[in-house]
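Notes to accompany the following structure.
The values are calculated or read from the model by the stated rules, or taken from the named source; none is laboratory data. Because the structure is predicted, anything quoted here is derived from the model rather than measured. Glycine gets a Cβ as well: all are built from the backbone with ideal geometry, and neighbour counts include every protein chain shown. Note: accessible area is taken over every heavy atom of the protein model, side chains too, but ligands, DNA and RNA are not part of it. Shrake-Rupley method; radii C 1.70, N 1.55, O 1.52, S 1.80 Å.
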Amino acid sequence: MFTYRRDPDADLGVGVAFTSGALDLSDAQGGPARAEAFARLAEEVGVPVAAVSQVHGNAVVWADADAAPEAVGVAQAAPGLVDLTAHRADAVATRRTGLGVAVRVADCVPILLAAPGAVAAVHAGRAGLLNGVITAAVEALAEAGEPPCRAWVGPHICARCYEVPEAMAEDAAEQWGLAPTMTSWGTPSLDLGAAARAQLELCGVRVEVVSPCTRHEPGLHSHRGGSPGRQVGVIWRTAR
């Protein structure tokens, strides 16, 4: 079920996990199948999981009733799922213990941020990276008094598989301050993972990379590989 899981410990009192293609957490499937998948995920990680509607922007939603101006309540919609999909955002944060926050991906970069008293999950595709979603999430935590110190970058499409038009590749590489990259078949590409790592490190966050490429790895959902499913990155706080 997981490509990576780190159980809570005395370090920051957080747990992190990236699921595999064994689960489909997308909204495209029927309601009962979606509810069952979230129930299985919550049972495995030991906490209910909150999810928002992702739109490739840079908005941050707090899944707390009183944490920040953009906070929302957390009514549990079904076993294991705190359904915040009425909210359009690409990062979701919480100070609550016993609540997971998740982002859903198939090729985009899932990023999990940990601070001593808060956590956040970030969905960073090409548009989100250019729109500054990582900086927005880091700043939202810092403004709430919880600057993040750790990040986990989950499975995403690699530069050797992510072909884009040449002009797009050149523009993005220039904005990210990265060298241009090429696919394995010799066409222009983007290195989303390198861009995410560079932005996190620029924010002073220590990064751990979970490296499988979603298109290379048959056990993962990949939009470019033709899969309609989604895996998630989820992070949660526990009482230390």
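Couple of notes before you dig in:
- Residue that is nearest to ALA239 (Cα to Cα), among those in segment 85-98 that are open to solvent by 10 Å² or more (accessible area, probe 1.4 Å) and of a type outside the set (S, T, N, Q): GLY98
- Applying the condition of being open to solvent by 60 Å² or more (accessible area, probe 1.4 Å) and in contact (Cβ under 8 Å) with a residue 24 or more places away in the chain to segment 173-203 and asking which residue is farthest from the chain's Cα centre (by Cα) yields SER184.
- Scanning segment 157-172 for residues that are in contact (Cβ under 8 Å) with a residue 60 or more places away in the chain and farther than 27 Å from ILE235 by Cβ yields a count of 0.
- Of the candidates VAL101, VAL55, the single residue that is surrounded by fewer than 19 Cβ atoms within 10 Å (Cβ to Cβ), at pLDDT 95 or above and hydrophobic (A, V, I, L, M, F, W, C) is VAL55.
- Here segment 114-167 is the region considered, the condition is being of a type in the set (A, V, I, L, M, F, W, C) and in a loop (DSSP other than H, G, I, E, B), and the residue that is farthest from VAL207 (Cα to Cα) is VAL164.
- Residues that are in contact (Cβ under 8 Å) with a residue 40 or more places away in the chain and open to solvent by 40 Å² or more (accessible area, probe 1.4 Å), drawn from segment 226-236: PRO228, ARG230
- Residues of segment 127-137 that are open to solvent by less than 10 Å² (accessible area, probe 1.4 Å) and under 19 Å from TRP62 (Cβ atoms): GLY128, VAL133, ILE134, ALA137.
- Being surrounded by 24 or more Cβ atoms within 10 Å (Cβ to Cβ) and farther than 30 Å from ALA28 by Cβ holds for only one residue in ALA118, ALA124, and it is ALA118.
- Taken over segment 171-200, the criterion of being in a strand (DSSP E or B) and touching a helix residue (DSSP H, G or I) at 6+ places or on another chain (Cβ under 6 Å) is satisfied by PRO188 alone.
- Under the condition of being closer than 14 Å to GLY21 by Cβ and either charged (D, E, K, R) or part of a loop (DSSP other than H, G, I, E, B) (or both), the residues counted in segment 204-223 number 11.
- Among the residues of segment 138-172, those that are open to solvent by less than 50 Å² (accessible area, probe 1.4 Å), hydrophobic (A, V, I, L, M, F, W, C) and under 17 Å from SER189 (Cβ atoms) comprise ILE157, CYS158, ALA159, CYS161, VAL164, ALA169, ALA172.
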